[in-house]
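To start, I am sharing the structure in question, which I have written as structure tokens.
Every read-out reported here was derived from the displayed coordinates using simple, explicitly stated rules and does not represent laboratory data. Note that the structure is a prediction, hence the values are computed from the model and not measured. Here the Cβ is made from the backbone with ideal geometry for all residues, glycine too, and neighbour counts use every protein chain on show.
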């Protein structure tokens, strides 16, 4: 599962990435600080079954804090995008190529309006932040259209002569973009293009690209720098973006560093924090922490964790499941209790979970056992959030 952190230069993308993952990323106040994509692991929270089942879990691929499971997701911080990136401007080609495998996007914008579309700094209120939302969607959609368009007329004529299905032809053009054939079928059904591929024009291809982007690269908006945004800016962005979240990445990063240093006690996603070592703080630090706390109370937190969990559980509609080898003890081969937490799309089956664990388990799937109900289930059993499943396979 990969979530791309995207946006124009100098809006705080790398700060957001660093705050979410605590992985090193170059952060500076000038465009194109990020040249090569940064990869890191962040965590989303879900309820661990351990407390309800009265067991003490021993997590392997994740962590459990007082009954809250922290499940890993991969984040990708890519080079900043500028207008006409789809034509190669700036680092556009590299940026867009880096996004091929992303399952969802978090578009970090400067909601204060203090950076223009080229990423050049100004004063809060100088720029309309709504433009950041519109232009980035456009760049990705035009990029997808150009991939579809390249050599399309020749392919369309061949497909017409050979009687190929439209969805097969289109899917073949975009196999490297992590777009499924089911999503292609969905998009074609929604836009109802001419049945004759040779009659498609640029507008048809763009309409298809827009719908494919919505289905395969869904986007939420991180309204960063909300603490310095002029009055009304946040509401303006919310007016054009359904999933727009107030975000203060610098505050999140500062709190995580202060927590690691033992200066404060902060749990990511919380609406507040406590100072644990006031004697180690000078007056400026105390004032800065007080400003952060007041803004957190105003907006309900820093928004970074909310963005991640909205992307995972809202936008992508993922559930958490737990594979085990012993359905009675809830253990794996090494005796670890509820060792691994897997994120799966809602509607996934037991066989699909088996493939997620190991290809051989999926290929040789016989049946599964629901450890909660102790019932045997088949390959087409639809998983529920929090399911604990034992996979039985042949040799």
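Return the percentage of antiparallel bridges among DSSP beta bridges fully within the chain, rounded to the nearest 5 %. Before the final figure, lay out the partial values.
Details: 31 of 51 bridges.
Antiparallel: roughly 60 percent of the beta bridges in the chain.
Please report the Cα spread of the stretch 142-210 along all three principal axes, rounded to whole Å, starting with the longest.
28, 23, 21
Which order do the peptides 112-119, 61-68 take when ranked by the mean count of other beta-carbon atoms within 10 Å per residue, highest first? It would help to have the intermediate numbers written out before the result.
Values: 112-119: 20.5, 61-68: 13.9.
Packing proxy ranking, top to bottom: 112-119, 61-68.
Which percentage, to the nearest 5, of the DSSP beta bridges contained in the stretch 318-393 is antiparallel? Mind dumping the intermediate values first?
Working: 15 of 18 bridges.
Bridges in the stretch 318-393 that DSSP calls antiparallel: roughly 85 percent.
Which whole-number percent is the relative contact order of the chain (Cα, under 8 Å, 6+ apart)? The partial results should precede the final answer.
Numbers: 782 pairs, mean separation 63.3, N = 395.
Computed over the chain, the figure is 16 percent.
Same structure again: Sort 121, 57 by Cβ crowding within 10 Å, fewest neighbours at the top. Working shown, then result.
On the way: 121 13, 57 22.
Starting with the residue having the fewest Cβ neighbours, the order is 121, 57.
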